[in-house]
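Notes for the one structure printed next.
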Amino acid sequence: MSKLKSAVILIIFLLIISYLAASIFKIEKGDFGNVALIKINGVIATESANSLFSDQTASSEDIVNEIKKANEDKDIKAILFEINSPGGSAVASAEIAEAINKVNKTTVALIREIGTSGAYWAASACDKIVAHPLSVTGSIGVIGSYLEFSGLLEMYNVSYERLVSGKYKDIGTPMKELTPEERQIFQSTLDQIHEYFINAVAKNRGMDPEKVKEVATGRFYIGSEAKELGLIDVLGSRDEALQLIKQEANITEIKLVKYEKSKGLLSMFAGAFSKSNLGLEQGVKITT
């Protein structure tokens, strides 16, 4: 009985390994194609999320590498960026936009459900932007907020002993209120980033910076509104985006090839586990 049990366990183990290996090395339809598909999903950050069970981070490091590989591939004639992201890090968003600007092939962004803030920054660097009429886009603005506990500490008679070697070394600590001078420093920094954001979008879209500034209030727009404001070019879905690529890159037949970072065995197992536990959710705090 013990031998039979061991044999069954071994067979199950081999089946699991075979399944995971097949998932890792699977060649999807569209490989060896002429249009690269790069997805920007989740909050944009400079690095991937550390959590084993989180695939909701768009790493600028990974995406920039994918852009470079697609640009260097002689068989690739155009790149389609499929976006479903609320934005994220200003630095990471700028890195992706800068990488797209260096591409010497046709680039089209497709905003599916959401492409706001830093995600729109990245999209603006593409030759054309397609968005679903009901998608959410725009939100050209910057947030720099934090929780402040000074009132709570006072309530429980807890004091904050301030020991610093620089006047502004503890600026932004949640243990004390911001002074008017510190608040001004924070606001000045946010205003500078906002101005950089506005100028980048204006340059990428070929728009007057003053016109961009008028809509850069941090407000988001649905696709149909964004089209009227000149923030996107075409209303539609992937079909319209592919049709646009045919026109822009002079391609008669499109074969998509998905560019993405290869996943290791542990990541694949974690991904399979997380997808089978639909009740497990992770909250995301958007800061830009």
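The values are calculated or read from the model by the stated rules, or taken from the named source; none is laboratory data. It should be emphasised that the depicted structure is a prediction, and the values quoted were computed from it without experimental measurement. Counting neighbours? That spans all protein chains shown, and the Cβs are built from the backbone with ideal geometry, glycine included.
Scan region 235-248 and report the pairs whose first residue is hydroxyl-bearing (S, T, Y) and whose second residue is surrounded by fewer than 16 Cβ atoms within 10 Å (Cβ to Cβ) and not in a strand (DSSP E or B), with Cβ atoms within less than 9 Å and a gap of 6+ or a chain change. Qualifying pairs under 9 Å: none.
Checking each residue in region 114-135 for being buried (at least 19 other Cβ atoms within 10 Å of the Cβ) and either in a loop (DSSP other than H, G, I, E, B) or assigned by TED's automatic domain parsing to the domain that holds T179 (or both) picks out S117, A125, C126, D127, H132, S135. In region 39-54, the residues that are charged (D, E, K, R) and surrounded by 17 or more Cβ atoms within 10 Å (Cβ to Cβ) form Cβ pairs under 7 Å with partners that are at pLDDT 55 or above and not in a loop (DSSP other than H, G, I, E, B), at six or more places apart or across chains, as follows: K39/E82. Condition check: assigned to a helix (DSSP H, G or I) and within 15 Å of the chain's Cα centre (by Cα). Does A109 satisfy that? Here the answer is no, as A109 does not meet what is asked. For region 151-165, the condition of being in contact with a Leu (Cβ under 8 Å, 6 or more places away or on another chain), in contact (Cβ under 8 Å) with a residue 12 or more places away in the chain and farther than 30 Å from L134 by Cα holds for at least one residue. In the set (1) within 19 Å of G87 (Cβ to Cβ); (2) loosely packed, with under 11 Cβ neighbours inside 10 Å, the condition left unmet by G138 is number (2).
When region 247-266 is limited to residues that are in a helix (DSSP H, G or I) and surrounded by fewer than 16 Cβ atoms within 10 Å (Cβ to Cβ), the one that is modelled with the highest pLDDT turns out to be Q247.
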